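Here is the structure we will look at.
Here, each number is a calculation from the coordinates, and none is a lab measurement. This one's a predicted model, so the numbers in the text were calculated from it and none came from an experiment. Cβ coordinates were reconstructed from backbone atoms using ideal geometry, including for glycine residues, and neighbour counts include every protein chain displayed.
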Amino acid sequence: INPMLKCIHWIRSGILHTSSGLGRSTVVSFSTAREVAQSIFKRHSGYIYSLSSLTGNNMASDRQSSSKSSFPPQLYHNFLVLDFEATCDKELIKPQEIIEFPVVRLHGRTLEIQSVFHTYVQPEAHPQLTPFCTELTGIVQSMVDGQPTLQRALQMVDEWMKNEGLLDPNVNSIFVTCGDWDLRKMLPGQCQYLKLPVPDYFKKWINLKKAYGTAMETYPKSGLPCMVEGLALSHIGRLHSGIDDCKNIANIMKELARKGFIFKETGSNL
């Protein structure tokens, strides 16, 4: 593995592994795989590790998905799928710290991916990852060393949301998580430890497990694997990789919407 590999970007039509050697995380927001490839070649020629289509996830083109009448109107313009990974060990670490911060923006009508924010985060209280943490998440020490702190990552995601028009008061967006832990406990807890304010847009969310339980009339006790199996989907990537978990959450949401489910807020810290 190239030790300079710092960012993993996921686009709806492909996966890019890029490295600029600058230790910077970047944001992806392109409409086609061709645009992505051209842009990366221009900026980081020689640093493309792979570009492959996302197979087995039933993600159609905009033209195909926009014509589907099986998707009911949703209550939001955008769904922002988020799945933190954090420091951990066999025994609970205090404080836990976010080490992976992915957000996948889905179109509220088609549930197609519009853009992706992704960065690894350097822990400060416990800067050295434990073997248990690496085994669970697949995140190795070199992936967090030199990355933004949580304070900087929050600034970066705010900049991304502004650039995407998500902070427009006329645009209705909501975060989606697999459980309440990410936004009820993890982010508020670390922000409290660091004496950082929690932006209001992180204070309401949809717990996908509750949504699935309502739609399928059975609660997914084992989380993502249970929902993927219950909907006869193929699991993408690695469990407990934040960006891979976001991909699977997106696929689950799309399948529930195809069944006629309308997503509603389930949790709030307001």
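Observations on the structure shown:
- Normalised by 2.2 N^0.38 Å, with N the number of residues, the alpha-carbon radius of gyration of the stretch 72-268 equals 1.00.
- Candidate lysines - alpha carbon under 18 Å from residue 195, same-chain residues fewer than 8 apart omitted: 94, 185, 203
- Shape of the stretch 193-270, Cα gyration tensor, a/c cut at 1.5: oblate
- For the pair residue 130 and residue 232, label points projected 7 Å from Cα toward Cβ lie 4.1 nm apart.
- Dipole of the stretch 72-268, positive end: most advanced residue of 114, 252, 101 [Cβ charges, Cα centre]: 252
- Projecting the Cα atoms of 215, 181, 197 onto the charge dipole of the stretch 181-234, computed from C-beta unit charges around the Cα centre, puts 197 farthest toward the positive end.
- Of the residues 103, 140, the one with the fewest other Cβ atoms within 10 Å heads the list, and the complete ranking is 140, 103.
- Antiparallel %, DSSP beta bridges [both residues in the stretch 72-268], to 5: 70
- Charging the Cβ of each Asp and Glu at -1 and of each Lys and Arg at +1, and nothing else, the dipole of the stretch 72-268 about its Cα centre rounds to 580 debye.
- Under 5 Å between amide hydrogens, built in the peptide plane, is the criterion, and for residue 86 it picks out 99 among residues at least 5 positions away or on other chains.
- Here the stretch 77-142 and the stretch 204-255 have alpha carbon centers that stand 16 Å from each other.
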